[in-house]
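Okay, structure first, notes after.
The values are calculated or read from the model by the stated rules, or taken from the named source; none is laboratory data. Keep in mind that what you see is a predicted model, and the values were worked out from it rather than measured. Note that we place each Cβ from the backbone using ideal geometry, even for glycine, and neighbour counts take in every protein chain shown. Remember, those area values only see protein heavy atoms, side chains included, never the ligands or the DNA or RNA. Shrake-Rupley method; radii C 1.70, N 1.55, O 1.52, S 1.80 Å.
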Amino acid sequence: MAEIFDPKPPVKKGFVIEERILKAAARADEDCEAAFKEIDRIARRNGEKVLYAFVNNHVSAACMNGSSGYGYDDVGRDTLDKVFAAAVGAEDALVRHSIASGTAALTTALFGILRPGDKMVSLTGRPYDTLEEVIGLRRTTGGSLADFGIEYDQVELSPEGKPDVAEVFRKVKGAKLAYIQRSKGYSLRPSLTVADIAEIIKAAKNASPDIIVMVDNCYGEFVETSEPTEAGADLIVGSLIKNPGGGIARTGGYIAGKKALVELCSYRLTCPGVGREAGASLDENRSMYQGLFMAPEVVANALKTAEFTSAVMSRLGFECFPAAGTRRGDIITAVLLKNPENLIAFCRGIQAGSPVDSFVTPEPWDMPGYDDQVIMAAGTFNNGASIELSADGPIREPYAAYVQGGLTYATGRMGVLCGLQEMFEKGCLKLF
Ligand SMILES: *Cc1c(COP(=O)(O)O)cnc(C)c1O
């Protein structure tokens, strides 16, 4: 009788990693020591800040319960807004599982504040890909800011990734909103530090004291001991399946900043007149609270994974941005893998070293909104969550893999080693 079902997964006693890769990893561990100390220092400060936000706002057991229907008098939801605001040094915040993504949170804020005839100016060059359709830089679907008569302009970044202050001064005049993107997104520019952001804000407000400064804070939360809201930004916006969800929040986004602006955004989030009074939290409060509580530590693990990635990949001949031992403004590491074979093998290995769907083989595909094919490794608990270890990149020069996340350092480090092992097995690594 033929066996039609093999109930056992292939039996292996543990990960098999080439000796010379392990040697490079051990040297990379030594390279990382000073950086890890600093990461731990930042995590401790942020952990204390988050704990105090819980204590000072009297988070109670009742806050963990959700609401249904209109969600009136949802004490868990309303308290979470206050706790989150305190954790990022803002006057007020909206934290909602019902915000579909980071882009949806940014869109809610832009439409909440801008009116026909207003001008928005990006101070950090062309914004993240998904914002192009929101602003109306790329016409596909309807309903962009441009459709509503909102003008757009941008200040280009220098090759070092800094905006020209004179240009900022000139272009913010007459604009209602200045937009700053903290993270590099899919580019090789350095991500901005909070100090960089403070400097840009100063220039913008010198030229135009009433300008509203909004920061796309994606991937930046808890990377430093302060947030852009503590450096002059009027509004920060981000995703809960990145840093501030701590890997626990199942979906959602946030908007935090000046009270009056957050209120305007609440009318766009639900409707004018209702704002934040409605919006059932269902059963998501507990995971959003717990995620925020975990976030400083989880971000530290992602930063350690990032630092290890830069250290070990550069030891094996692949340039990384940022380089090991340099300042990080977010949790992303771009690894220049030089050719498509290397990029595909590395992403497949990362997938093989992921806790979920490790047995799946990622293929390059035609992702909506991209001209080139894209390969993505994301063996994650929450669909598409990039606070969990993930690696992706367009199949084009310079064949860069963008690596981010790692809920725990041990698993993030091993995921990267699995990426290297797959490259080795495919003949993509020169080892000495
Ligand atoms: C992730 C990200 C966004 C939002 O992306 P979503 O996939 O919609 O959550 C926006 N800006 C930057 C810089 C990002 O990294």
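A few remarks follow.
- Residues in the stretch 248-259 that are of a type outside the set (Val, Ile, Thr), open to solvent by less than 20 Å² (accessible area, probe 1.4 Å) and within 16 Å of the ligand (Cβ to nearest atom): ALA249, GLY252, GLY253, TYR254, ALA256.
- Among the candidates THR130, THR124, the residue that is surrounded by fewer than 20 Cβ atoms within 10 Å (Cβ to Cβ) and either within 16 Å of the ligand (Cβ to nearest atom) or modelled with pLDDT of 95 or more (or both) is uniquely THR130.
- Out of PHE318, PHE346, PHE308, sole residue that is free of Cβ contacts under 8 Å to residues at least 40 places away in the same chain and more than 22 Å from VAL237 (Cβ to Cβ): PHE318
- Test: residue in the stretch 312-332 that is surrounded by fewer than 22 Cβ atoms within 10 Å (Cβ to Cβ), out of contact with any Leu (no Cβ under 6 Å at 6 or more places or on another chain) and part of a helix (DSSP H, G or I): yes
- Hits in the stretch 271-311 (condition: among the polar types (S, T, N, Q), open to solvent by less than 10 Å² (accessible area, probe 1.4 Å) and touching a helix residue (DSSP H, G or I) at 6+ places or on another chain (Cβ under 6 Å)): SER281, ASN285, THR305, THR309
- Of all residues in the stretch 356-373, those that are closer than 18 Å to ILE395 by Cβ have Cβ atoms under 8 Å from Cβ atoms of residues that are open to solvent by 60 Å² or more (accessible area, probe 1.4 Å) and aromatic (Phe, Trp, Tyr), 6 or more apart or on another chain, in GLN373/TRP365.
- Test: ARG138 is in the same structural domain as ALA109 (by TED's automatic domain parsing) and within 16 Å of the ligand (Cβ to nearest atom): yes
- Selection status of ALA62, in the same structural domain as GLY317 (by TED's automatic domain parsing), of a type in the set (Gly, Ala, Ser) and either farther than 25 Å from GLU227 by Cβ or open to solvent by less than 90 Å² (accessible area, probe 1.4 Å) (or both): no
- Within the stretch 322-350, considering residues that are under 23 Å from ILE395 (Cβ atoms) and of a type in the set (Val, Ile, Thr), the one farthest from the ligand (Cβ to nearest atom): ILE344
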